[in-house]
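Chemist: Structure provided below as structure tokens; questions to follow.
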Amino acid sequence: MTNVLAGPFATLHLALLGAEVIKVENPNGGDLARKLGNVPELNDKNMGTSFLAQNSNKKSFTLNLKGDVAKEIFKKLVKSSDVLVENFRPGVMERLGLSYKILSEINPKLIYCAISGFGQTGPDAFKPAYDQIIQGLSGVMAVNGDERLNPLRCGFPVCDTVGGMNAAFAIMSALYSREKTGEGQFIDIAMLDSIMPLMGWVAANLLIGGKHPVLMGNDNFTAAPSGTFVTMDGYINIAANKQEQWEDLCDVLGVPELKTDERFQKRDIRKKNRKELTPLLEVKLKEKDTTYWSDALNAKGIPSGEILSLDAALHQPQVEHRKALAEIDTPEVGKIKVFNLTAKFDKSVGDVDSPPPLLSQHTLSILEELGYTKEDYEKFKNEKIV
């Protein structure tokens, strides 16, 4: 029972790992993501690109949960399910008469995962939340950018996606726990909770070291030279985080004298003097193109890489080799590329094997599995239950 991103991202991973995922949608338009995307024709078909990105390997089952008949159908579905995932605001399921308390009486082994912006309890629990709101409240926007551009949001909905990943991880843990205890349980996932541990190093510098973050743009606060540098034809990322990497970098660039320069001899001293160091390195880096330097530095064990456009990143040989993307023929849309399962198992198989579903595509077959007839389905359609 999920909508837009955090919940669908969680259930996508369960679907890719082999779960049968039944997406319960409102008959009137379904998941809002069906209307979101940069291709208006697909939005009009309820197959927007935002929806296509998160819903492979799922079945679509429509149900108007405001009526008693629909609630009974839903309870039958819950009785035969392992997990329920929803990302409504706290209190919505209770008002529908479908709270965890009620559903766990129907199915004591049910694992019920609720995803929300702030969690089910606390002073902010009932506030509305979108990704950018959480980015601001979590400190993410405060630590991004530099003195010219701050606050700065992450370029994709990182709080939604990590909230979904946290939920999928918790659900798998609860399933494992159930194997031991035979009991289901309630899981409360907050996007705000989920994103903050990702800033562990930055937070530790403040919580333990007593130092507030310094806006450093594309520089890495843990070491120098570590960050983005100008080359002849663009930019390169270099992470010479170890002392030997720094010394090898000086040799590759042809500036061995910097190794003995008092301003740059040790890591912490280099960090303090990075504004003096960077121009000295860029004088040399500007003599050749990014590809040359990336190859030369990596050959010496100095981590480096080009800064690719999204298009180039998606089509680079390593990504293609790892089969991070899968192509799937999708009704009303045609062949599309979507992300595959990126964990590689040597025994289990996880893959994109069915396209994102049309709205209500599987309603009849699921009703029949629950014991209803085709006549019941037609009746439910006429009464706008499905």
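The values are calculated or read from the model by the stated rules, or taken from the named source; none is laboratory data. Remember, predicted model here, so these are calculated numbers, not experimental data. Cβ atoms come from the backbone with ideal geometry, glycine included; neighbour counts cover every protein chain shown.
Chemist: If you go through the range 372-386 one residue at a time, how many are part of a loop (DSSP other than H, G, I, E, B) and in contact (Cβ under 8 Å) with a residue 40 or more places away in the chain? First the steps, then the outcome.
Modeler: Step one: of the range 372-386, the residues part of a loop (DSSP other than H, G, I, E, B) are 372-373, 383-386.
Subsequent filtering for residues that are in contact (Cβ under 8 Å) with a residue 40 or more places away in the chain retains 372, 383-386.
The number of residues fulfilling the criteria is 5.
Chemist: Turning to a different aspect of this structure: May I ask you to list the residues in the range 112-138 that are of a type in the set (Gly, Ala, Ser), assigned to a loop (DSSP other than H, G, I, E, B) and either farther than 14 Å from Ile195 by Cα or at pLDDT below 95 (or both)? Write out each step before concluding.
Modeler: Of the residues in the range 112-138, the ones of a type in the set (Gly, Ala, Ser) are 114, 116-117, 119, 122, 125, 129, 136, 138.
Now drop any that are not assigned to a loop (DSSP other than H, G, I, E, B), which leaves 117, 119, 122, 125, 129.
Hits for the range 112-138 are Gly122, Ala125, Ala129.
Chemist: Right, another one. Evaluate the range 36-47: report whether one residue or more is surrounded by 16 or more Cβ atoms within 10 Å (Cβ to Cβ) and touching a strand residue (DSSP E or B) at 6+ places or on another chain (Cβ under 8 Å).
Modeler: Yes, the range 36-47 has at least one match.
Chemist: Here's something else I'd like to know. Looking at the range 351-374, can you tell me whether even one residue there is aromatic (Phe, Trp, Tyr) and in the same structural domain as Val24 (by TED's automatic domain parsing)? Show your work before the answer.
Modeler: Within the range 351-374, the subset aromatic (Phe, Trp, Tyr) is 372.
Subset that is in the same structural domain as Val24 (by TED's automatic domain parsing): 372.
Yes, there is a match, as at least one residue in the range 351-374 is aromatic (Phe, Trp, Tyr) and in the same structural domain as Val24 (by TED's automatic domain parsing).
Chemist: Go through the range 34-86 and report how many residues are assigned to a helix (DSSP H, G or I) and either of a type in the set (S, T, N, Q) or outside the structural domain of Glu369 (by TED's automatic domain parsing) (or both).
Modeler: Residues flagged as assigned to a helix (DSSP H, G or I) and either of a type in the set (S, T, N, Q) or outside the structural domain of Glu369 (by TED's automatic domain parsing) (or both) within the range 34-86 amount to 4.
Chemist: Continuing with the same structure: May I ask you to list the residues in the range 223-278 that are under 33 Å from the mean Cα position of the chain (by Cα) and of a type in the set (S, T, N, Q)?
Modeler: Matches in the range 223-278: Ser226, Thr228, Thr231, Asn237, Asn241, Gln245.
Chemist: So, one more: Would you confirm, using the coordinates I've provided, whether Lys71 is within 24 Å of Phe186 (Cβ to Cβ) and of a type in the set (Lys, Arg)?
Modeler: On the way: within 24 Å of Phe186 (Cβ to Cβ): yes; of a type in the set (Lys, Arg): yes.
Against the criterion (within 24 Å of Phe186 (Cβ to Cβ) and of a type in the set (Lys, Arg)), Lys71 qualifies.
Chemist: For the structure I just gave you, tell me whether Val69 is touching a helix residue (DSSP H, G or I) at 6+ places or on another chain (Cβ under 8 Å) and in contact (Cβ under 8 Å) with a residue 24 or more places away in the chain. Step through it out loud before you land on a result.
Modeler: On the way: touching a helix residue (DSSP H, G or I) at 6+ places or on another chain (Cβ under 8 Å): yes; in contact (Cβ under 8 Å) with a residue 24 or more places away in the chain: yes.
Yes.
Chemist: Would the range 248-260 turn up any residue that is at pLDDT below 95, surrounded by 13 or more Cβ atoms within 10 Å (Cβ to Cβ) and acidic (Asp, Glu)?
Modeler: No.
Chemist: Also: May I ask you to say which residue of Lys76, Lys59 is touching a Ser or Thr at 6+ places or on another chain (Cβ under 9 Å), modelled with pLDDT of 95 or more and surrounded by fewer than 22 Cβ atoms within 10 Å (Cβ to Cβ)?
Modeler: Working: Lys76 fails: touching a Ser or Thr at 6+ places or on another chain (Cβ under 9 Å).
Going through Lys76, Lys59 in turn, the sole match is Lys59.
Chemist: List the helices (runs of 4 or more DSSP H) that sit entirely inside the range 276-371 and contain at least 1 residues that are surrounded by 14 or more Cβ atoms within 10 Å (Cβ to Cβ) and hydroxyl-bearing (Ser, Thr, Tyr). Break it down stepwise before answering.
Modeler: Working: elements: 290-299, 310-314, 317-321, 363-369.
It comes to 290-299, 363-369.
Chemist: OK, next. When the range 147-162 is examined, which residues are found to be charged (D, E, K, R) and without any contact (Cβ under 8 Å) to a residue 40 or more places away in the chain?
Modeler: Step one: list which residues in the range 147-162 are charged (D, E, K, R), which gives 147-148, 153, 160.
The answer is Arg148, Arg153.
Chemist: Please find, among Met165, Met196, the residue that is part of a helix (DSSP H, G or I), touching a residue at least 60 places away in the same chain (Cβ under 8 Å) and farther than 28 Å from Ile102 by Cβ.
Modeler: Details: Met196 fails: touching a residue at least 60 places away in the same chain (Cβ under 8 Å).
Met165 is the lone residue from the list that is part of a helix (DSSP H, G or I), touching a residue at least 60 places away in the same chain (Cβ under 8 Å) and farther than 28 Å from Ile102 by Cβ.
Chemist: Please determine, by comparing only the residues of the range 199-217 that are under 24 Å from the mean Cα position of the chain (by Cα) and assigned to a helix (DSSP H, G or I), which one is nearest to Phe88 (Cα to Cα). Write out each step before concluding.
Modeler: Applying the first criterion (under 24 Å from the mean Cα position of the chain (by Cα)) to the range 199-217 yields 199-204, 217.
Add one more test, that the residue is assigned to a helix (DSSP H, G or I), and what stays is 199-204.
Details: Met199: 26, Gly200: 28, Trp201: 32, Val202: 31, Ala203: 30, Ala204: 33 Å.
The extreme case among them is Met199.
Chemist: A further question on this structure: When you look at Ile189, is it over 16 Å from the mean Cα position of the chain (by Cα), crowded, with 17+ Cβ neighbours inside 10 Å and at pLDDT 95 or above, yes or no? Spell out the reasoning first.
Modeler: Working: over 16 Å from the mean Cα position of the chain (by Cα): no; crowded, with 17+ Cβ neighbours inside 10 Å: yes; at pLDDT 95 or above: yes.
The answer is no for Ile189.
Chemist: For Ser177, indicate whether it is farther than 30 Å from Lys284 by Cβ, free of Cβ contacts under 8 Å to residues at least 24 places away in the same chain and part of a helix (DSSP H, G or I). Spell out the reasoning first.
Modeler: Details: farther than 30 Å from Lys284 by Cβ: yes; free of Cβ contacts under 8 Å to residues at least 24 places away in the same chain: yes; part of a helix (DSSP H, G or I): yes.
Yes.
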